[in-house]
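The values are calculated or read from the model by the stated rules, or taken from the named source; none is laboratory data. Model, not experiment: these values are computed from the prediction. Glycine also receives a Cβ, built like all others from the backbone with ideal geometry; neighbour counts cover every protein chain displayed.
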Amino acid sequence: QDEQLVGIPVILLTAKGLTNDRIAGYNAGADAYLPKPFDPEELLIIVDNAIKRHETLNGNNVKVEDLKNDLDEIKYLLLQKGGAGVGNGWVKATNVFLTPDERSVLEFLCKGLINREIAEATNYSVRRVEQHLTSMYRKTGVSNRTELVRWAVSTGNVEI
């Protein structure tokens with residue numbers, strides 16, 4: 001509603017990745033919606049595109065140089081400093097051993113599937129999927145799905 005804020009691109013970075021959450025975000029005015037965990041390169045591309053779109057829509061009246069300088073700093077922090085503090089870098093060493101079944105469940109979890117969908121994809125029962133998740137929580141020292149996905153990405157156990 002604020003006239004000064006109308007032209008500012010909005011990128012939502014959130015742990016909520018369900019379709020109805022994304023739709024609510026877009027209805028609220030978001031230009032992009034990126035559920036966590038996300039690949040820093042994907043965020044950079046979204047920011048680049050938002051700046052280009054903003055520049056195109058507003059012509060030469062915009063000080064894009066400041067935005068480009070900020071973007072360069074963000075790129076440096078994400079790419080050189082290890083990205084958003086996850087795992088204190090791209091990949092951290094770990095001595096956690098996951099069984100092949102746990103790895104399979106973890107890969108589907110990182111794709112955003114719910115337990116029922118993971119069970120269908122792996123031909124396990126929903127209860128077996130829950131048992132694998134509980135085992136991985138214990139092994140990795142995390143307490144929920146989001147933390148397990150963050151652990152998996154930061155340790156290089158999965159690529160998103």
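Per-structure values
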{"item": "Some residue of the range 54-74 being exposed (fewer than 13 other Cβ atoms within 10 Å of the Cβ), at pLDDT 80 or above and out of contact with any Ser or Thr (no Cβ under 8 Å at 6 or more places or on another chain)", "result": "no"}
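Quick grid of which residues meet (1) at positive phi; (2) of a type in the set (Gly, Ala, Ser); (3) at pLDDT 90 or above:
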| position | (1), (2), (3) |
| --- | --- |
| GLU117 | no, no, yes |
| GLU120 | no, no, yes |
| VAL129 | no, no, yes |
| HIS132 | no, no, yes |
| VAL149 | no, no, no |
| ALA152 | no, yes, no |
